[in-house]
Amino acid sequence: MSIPLSIKWNNNRLEILNQQKLPLEVEYITLETLEDVYDAIITLKVRGAPAIGITASYGLAATAQYYETNSLEAFHQLLSKDALYLAESRPTAVNLVWALERLRGAVQHAETVQEAKKQLLEEADSIYEEDEASCRAIGEYALSLLEGHTKVMTICNAGTIATAKYGTALAPFHLGSEKGKQFQVFACETRPVFQGARLTVWELQQSGVDVTLITDSMAAHTIGAKEIEAIIVGADRIAANGDTANKIGTLNLALLAAAYQIPFYVAAPSSTFDLSIGNGKTIQIEERPSEEITHIAGKQVAPDNTKVYNPAFDVTPAHLITAIITEKGIIYPEYDKNIVALLGTTKGEES
Ligand code: MRU
C-alpha cells in the first residue's frame with residue numbers, strides 16, 4: 001500500500017498527476033509553460049488548495065529561469081506579471097496567492113538576476129517540503145482528536161493528492177493506516193465534479209483505508225444509520241474569526257454535525273489562513289462552468305439552455321466548527337482570539 005503523490009519536481013521538470021483522468025487512468029503530465037500551469041489549475045488537473053500553491057510556485061520559478069534580462073528591475077516586473085497571471089486562475093484558495101507572494105518575497109533582496117533565479121527554485125522547494133511536514137503534523141494532531149472514533153465522514157478530496165503528501169482532512173486516515181489504526185471513512189461523492197468519488201475513494205484505497213462512497217444527498221441519513229462519530233474536512237481559506245471556505249456541500253455537513261451533535265473538524269495548514277479578512281463574508285466564491293452540472297462525464301443530463309448556478313465553494317460559519325487542526329496545534333473557539341494566539345501574524349497582515 002502506498003500514498004500517491006500529485007506533484008513531482010525532477011531535474012527542473014514539473015510533473016503533475018492528471019486528476020481529471022483519475023481513477024480510470026493514472027497519468028503524470030509535464031507542465032512546460034506558464035500557460036500549461038494556468039490551464040492545469042483552472043481545469044482541475046491539479047486541485048486542492050496546497051497543491052495549486054505548490055504547482056504555481058514551481059511553475060513560476062521554472063518560467064523565471066528563462067527571463068532574458070540582467071536587470072533586476074526588469075526581472076521583478078516580469079515576475080510580478082507572471083505571478084498575477086497565475087493568481088487569477090482560481091480565486092478562492094488563498095494558498096495560491098500566498099505561495100506566489102512567498103516567491104516574490106524570497107527574491108526581494110537578491111543582488112543579481114542569477115541569484116534571484118536560484119532563490120526562486122529554493123523557495124518553491126521549501127514550500128513543497130514545508131507542506132509535507134505540515135500535513136504530517138496535521139495528521140498526528142487529527143489522529144489524537146479522533147482517538148476513540150472509527151466512523152468518520154468527509155467531503156471533496158483534502159488528501160495527499162491535494163497537497164505535497166498525506167493531505168489535511170485525509171492525513172489521519174493515511175497515518176492511521178501506517179500505524180495499524182483502521183478507520184471506516186464515508187466519502188461524499190462531491191457533486192458536481194466528484195472529487196469524493198473519483199479522488200478520495202481512489203487515494204484511500206491506495207493506502208489500504210476502508211472507504212465507503214455515498215452521494216451527497218445521503219449524508220443526513222448515513223450519519224444516523226451508520227452512526228458516524230465525526231466529520232472532518234479541508235479548507236480553502238480561513239478568515240481571522242474562523243469562518244471557513246471549502247468545497248460546496250461542506251456547510252451542509254457542518255449543519256448536520258450540529259443537528260446530530262457530533263464534532264465537525266476543519267484540517268488546514270497555516271498557509272490556508274487569511275488573517276487580512278475579519279470574517280468569511282468577503283471571501284470570493286468561484287463560480288464554475290454550467291456544463292459541470294448539466295453534463296456528467298460528457299453526457300448531457302439536463303435540458304438544453306438550463307439556467308445553472310454553480311458555486312464551487314461555501315463558507316461554514318465559525319460557530320459550527322468544533323476545532324481547526326493546523327500543523328502548529330489544534331485551535332478551539334473562541335477563534336477570533338485563539339487563531340492569532342497560535343499563528344501570530346500572517347502574510348495578510350504583514351503586507
Ligand atoms: O475545487 P477543488 O477540488 O480544488 O476544492 C478542493 C477543496 O475544497 C479542498 O477541501 C481544499 O482545497 C483543501 S485540500 C487539502
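The values are calculated or read from the model by the stated rules, or taken from the named source; none is laboratory data. Quantities reported herein were computed from a predicted structural model and do not represent experimental measurements. Glycine gets a Cβ as well: all are built from the backbone with ideal geometry, and neighbour counts include every protein chain shown.
Observations on the model:
- Residue within the range 323-330 that is of a type in the set (D, E, K, R), closer than 21 Å to Ile155 by Cα and touching a Pro at 6+ places or on another chain (Cβ under 9 Å) present: yes
- Of all the listed residues (Glu287, Glu292, Glu327), the sole one being in contact (Cβ under 8 Å) with a residue 24 or more places away in the chain, surrounded by 17 or more Cβ atoms within 10 Å (Cβ to Cβ) and not aromatic (Phe, Trp, Tyr) is Glu327.
- Positions within the range 164-212 being of a type in the set (Asp, Glu) and at pLDDT below 95, in sequence order: Glu178
- Subset of the range 49-78 [in contact (Cβ under 8 Å) with a residue 40 or more places away in the chain and hydrophobic (A, V, I, L, M, F, W, C)]: Ala49, Ala51, Ile52, Ile54, Ala56, Leu60, Ala61, Ala62, Ala64, Leu72, Phe75
- Verdict on Gly344 being within 17 Å of Asn241 (Cβ to Cβ) and surrounded by fewer than 15 Cβ atoms within 10 Å (Cβ to Cβ): yes
- In the range 101-145, the residues that are over 30 Å from Pro263 (Cβ atoms), crowded, with 20+ Cβ neighbours inside 10 Å and hydroxyl-bearing (Ser, Thr, Tyr): Tyr128
- Unmet requirement for Ser134, which otherwise passes all of (1) part of a loop (DSSP other than H, G, I, E, B); (2) in contact with a Pro (Cβ under 7 Å, 6 or more places away or on another chain): (1)
- Matching residues, the range 228-252, being touching a helix residue (DSSP H, G or I) at 6+ places or on another chain (Cβ under 6 Å), more than 13 Å from Ala268 (Cβ to Cβ) and not in a loop (DSSP other than H, G, I, E, B): Ile231
- Looking only at the range 1-28, and only at residues there that are among the β-branched types (Val, Ile, Thr) and in contact with a Leu (Cβ under 8 Å, 6 or more places away or on another chain), the one that is surrounded by the fewest Cβ atoms within 10 Å (Cβ to Cβ): Val26
- Being at negative phi and either more than 14 Å from the ligand (Cβ to nearest atom) or surrounded by 24 or more Cβ atoms within 10 Å (Cβ to Cβ) (or both) holds for only one residue in Gly176, Gly148, Gly167, Gly180, and it is Gly176.
- Helices (runs of 4 or more DSSP H) contained in the range 267-351 and holding at least 3 residues modelled with pLDDT of 95 or more: 291-294, 335-343
- Qualifying residue in the range 107-125 (condition: closer than 30 Å to Ser207 by Cα and within 16 Å of the ligand (Cβ to nearest atom)): no
- Residue count for the range 234-250, restricted to those that are in contact with a Leu (Cβ under 7 Å, 6 or more places away or on another chain) and within 11 Å of the ligand (Cβ to nearest atom): 0
- Taking the range 183-201 as the range and being more than 9 Å from the ligand (Cβ to nearest atom) and farther than 25 Å from Ala133 by Cβ as the test, the residues that pass are Gln184, Phe186, Ala187, Cys188, Glu189, Arg191, Pro192, Phe194, Gly196, Ala197, Arg198, Val201.
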